[in-house]
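The values are calculated or read from the model by the stated rules, or taken from the named source; none is laboratory data. Remember, it's a predicted structure, so these values are computed and weren't measured experimentally. Cβ placement follows ideal geometry from the backbone for every residue including glycine, while neighbour counts extend to all protein chains displayed.
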Amino acid sequence: MKDSTAESAAALLEEIAHLMKLKGENPFKVRAFEKAMDAIREKENLVELAKGGSLTQISGVGSSIAEILTEFLLQGKSSVREELQASLPPGLEELTQVPGLGPKKAMTLIQELEIRSLSELEYACRENRLLKLKGFGEKAQNQILQGIQFLNSHAGQQRISDALESADTFVESLKLPKEVSIFETGALRRRLEILSSLDFLVKAETAAAEKSARGTVEKSLAQFQKQNPSALPVRISYCQTPQFGYEWARHTSTPEHWKALGSPKEVDTESEEKFYEKIGLTWIPPEARETGEEVALAKKGPLKLLPEKGVRGIFHNHTTRSDGAATLEEMVRAAEKAGYSYIGISDHSQSAVYAQGLKTPDLMDQRAEVKKIQEKFPNIRIFWGIESDILQDGSLDYDDKILSQFDFVIASIHSRFKMDREAMTDRILKAIRNPRTRFLGHATGRLLLGRKAYDMDMERVIQEAADHDVAIEINANPARLDIDWRWGSALRRSKTLVSVNPDAHETAGIDHVKFGVTVARKALIPVDQVVNARSVAEVEKWLRRA
């Protein structure tokens with residue numbers, strides 16, 4: 001279990017970095033806080049270091065950040081956070097939740113129209129008050145209105161990573177007797193990317209124990225909801241041990257999965273494995289119990305899914321050379337510590353100015369650095385790559401002479417998201433056809449609860465990737481989880497390769513691979529279609545197109 005003190009301190013630095021962005025602080029100053037956040041996240045002795053005035057011994061923690069942390073760790077408060085919050089005008093943080101509405105434009109709305117909430121902004125758009133406002137106009141007004149509608153449609157929902165934190169907090173708050181246990185169910189257990197509730201099943205040994213547990217759980221739940229008013233609703237079901245296997249399976253399954261099973265009647269089974277055995281199937285992992293298609297496949301034989309620890313190496317990782325918060329050496333060390341046998345470094349390309357994309361001289365410096373770090377870490381293979389922007393016409397950033405020097409290229413879109421369906425599709429297809437492209441990064445550009453996927457013909461993209469032996473990324477960042485698992489049938493039908501990539505911008509981001517593995521399993525992707533479930537030698541051969 002992670003150190004809660006370190007997590008709280010890291011969350012503080014993350015919040016300060018966010019407030020600084022809203023205020024328009026120097027990006028390098030913001031990155032310093034993000035780097036320090038990553039550096040302290042896994043430390044276990046922060047309070048002792050703070051007492052001894054030794055926080056600056058941690059790489060990435062300077063004297064000013066150490067002062068902020070010391071106040072927080074020893075006094076439980078942060079003057080800097082309070083000052084930043086006080087310096088921002090009311091409504092700024094809420095308004096910047098709208099996709100595409102940055103701090104500067106939000107400030108204009110606050111100053112010129114005295115708008116301080118999403119409801120006021122929506123009303124102003126419907127009253128056409130943004131039409132003649134400098135920097136806006138009809139197109140911008142329509143986009144803002146669409147953004148507000150998008151946010152409203154996702155109200156009361158959380159990404160799986162945030163929901164898991166709330167679920168852990170709730171379970172830890174319970175004081176259950178030894179004859180009572182609690183288990184995740186529903187979309188929480190299936191690890192759906194977006195949740196609207198936290199579902200649990202409480203198992204008791206006897207009827208008396210169940211009755212007692214109900215009172216204990218309901219009391220704890222009321223306290224949890226009082227202390228965590230923004231948490232998702234918690235729904236509790238109860239059962240006794242003899243029916244547990246049946247009830248756990250039933251409460252975890254979607255209606256589609258349960259119907260495909262034949263809507264089985266209640267049977268006494270103490271485990272899910274025995275329940276599935278009674279209905280003539282091998283156990284189906286909870287994350288796969290979505291559409292019912294998994295049942296049809298399971299009837300033909302055991303599902304050959306990517307194992308939970310089946311990823312052997314990771315691509316798509318950023319360093320401080322572009323917009324990452326950790327150095328190359330720190331990223332490599334973290335990947336090795338996590339048990340991976342290879343890591344692909346892919347900083348942003350030159351067109352990504354906002355992310356400090358690498359110019360040609362920077363590339364040569366990094367190439368030399370990779371060689372040097374490789375000698376220091378002989379037990380993990382470092383692949384040198386680039387996340388090359390897909391330009392408007394579908395060409396890749398850098399010319400072929402430069403692209404040919406990388407071990408791999410991830411082609412990704414980072415701009416011009418609003419092209420029409422045909423133009424966007426053609427743009428991506430051209431990038432896939434480039435012989436230097438080995439991966440298509442975050443294929444649809446969506447940000448969960450933040451930005452819609454761009455309009456494109458995904459069926460054509462999936463087939464084109466298969467035809468050109470390009471792996472479509474399963475971006476494991478819980479804000480993306482892109483490509484959507486619902487495209488699993490098309491991926492399997494075309495035998496398109498996928499790669500579970502963390503898109504890590506700090507060492508802690510490497511841990512996001514688990515979310516991507518869940519997506520691959522939910523999509524029912526066979527393990528032999530996952531590129532980075534292969535060995536170093538096999539990956540080297542594939543990258544060379546040998």
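Screening the candidates Leu232, Leu297, Leu201, Leu221 for the property of being touching a residue at least 12 places away in the same chain (Cβ under 8 Å), farther than 28 Å from Asp162 by Cα and hydrophobic (A, V, I, L, M, F, W, C) yields one hit, Leu297.
Among residues of region 49-66 that are more than 9 Å from Ala39 (Cβ to Cβ), those with a beta-carbon under 7 Å from a residue that is part of a loop (DSSP other than H, G, I, E, B) at least six positions away or on a different chain give the pairs Leu55/Val61; Thr56/Gly62. Pairs are defined by a Cβ separation below 6 Å, a sequence spacing of at least 6 or placement on different chains, a first member in region 239-262 that is under 17 Å from Leu524 (Cβ atoms), and a second member that is not aliphatic (A, V, I, L, M) and not in a helix (DSSP H, G or I); the pairs so defined are Thr252/Thr185; Ser253/Arg289; Thr254/Glu290; Glu256/Thr291; Glu256/Gly292; His257/Arg289; His257/Gly292; Ala260/Gly292.
Quick grid of which residues meet (1) crowded, with 20+ Cβ neighbours inside 10 Å; (2) modelled with pLDDT under 95; (3) in a helix (DSSP H, G or I):
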residue	(1), (2), (3)
Ala453	no, yes, no
Arg493	no, no, yes
Arg521	yes, no, yes
Lys541	no, no, yes
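Within region 434-463, residues that are over 18 Å from Ala490 (Cα atoms) reach partners that are crowded, with 20+ Cβ neighbours inside 10 Å and among the acidic types (Asp, Glu) with beta carbons closer than 9 Å, at six or more positions or on different chains, in the pairs Arg438/Asp407; Gly445/Asp482; Arg446/Asp482; Leu447/Asp482; Leu448/Glu193; Leu448/Asp482. The condition of being assigned to a helix (DSSP H, G or I) and not assigned by TED's automatic domain parsing to the domain that holds Asn475 holds for only one of Glu294, Glu336, that being Glu294.
A count restricted to region 1-35 and to residues that are assigned to a helix (DSSP H, G or I) and within 19 Å of Gly76 (Cβ to Cβ) stands at 14. Flag: Asp323 matches the condition of being of a type in the set (D, E, K, R), surrounded by fewer than 20 Cβ atoms within 10 Å (Cβ to Cβ), touching a residue at least 40 places away in the same chain (Cβ under 8 Å) and within 22 Å of Leu481 (Cβ to Cβ). A residue that is surrounded by fewer than 22 Cβ atoms within 10 Å (Cβ to Cβ), within 11 Å of the chain's Cα centre (by Cα), charged (D, E, K, R) and closer than 24 Å to Glu294 by Cβ can be found somewhere in region 497-516. Would it be correct to say that Glu287 is acidic (Asp, Glu) and in contact with a Ser or Thr (Cβ under 6 Å, 6 or more places away or on another chain)? Taking the combined requirement at face value, the residue satisfies it.
Within region 14-34, no residue that is over 15 Å from Arg81 (Cα atoms) sits with its Cβ atom under 6 Å from a residue that is at pLDDT below 85 at 6+ positions apart or across chains.
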